[in-house]
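The block underneath contains the structure these notes are about, expressed in structure tokens.
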Amino acid sequence: MEHLRKVVKKMLDNQKGTDDIYLAFGCDFAFTQAEINYHNLDKVIKMWNSMYPDVELKYSNQKTYLETVKKTNA
């Protein structure tokens, strides 16, 4: 969790114009057992959000992320 926090902090520090960042997880074949992977990712998100309430992790997709960034920079 600490490594992820450092990555997120570095990304936020280097980001200009928005407080939103996009983290991609996995690759084309990473989610062949999606139930297990999403179950574990749910645990990570829940733990993160309880440990670091000032930075919320949530599921998203590229389209939603880009729309949020566009609204912020409008």
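General observations
- Close pairs (6 angstrom Cβ cut-off, 6 or more residues apart or separate chains): hydroxyl-bearing (Ser, Thr, Tyr) in the range 49-71, modelled with pLDDT under 90 and surrounded by 10 or more Cβ atoms within 10 Å (Cβ to Cβ) anywhere: 65/22; 68/20
- Test set (1) assigned to a loop (DSSP other than H, G, I, E, B); (2) modelled with pLDDT under 85 - residue 69 fails condition number: (1)
- Whenever a residue of the range 1-13 is charged (D, E, K, R), its partners that are assigned to a helix (DSSP H, G or I), lying with C-beta atoms within less than 9 angstrom and at least six residues away or across chains, give the pairs 5/48; 5/51.
The values are calculated or read from the model by the stated rules, or taken from the named source; none is laboratory data. Because the structure is predicted, anything quoted here is derived from the model rather than measured. A quick note on method: Cβ atoms are made from the backbone with ideal geometry, for glycine too, and the neighbour counts reach across all protein chains shown.
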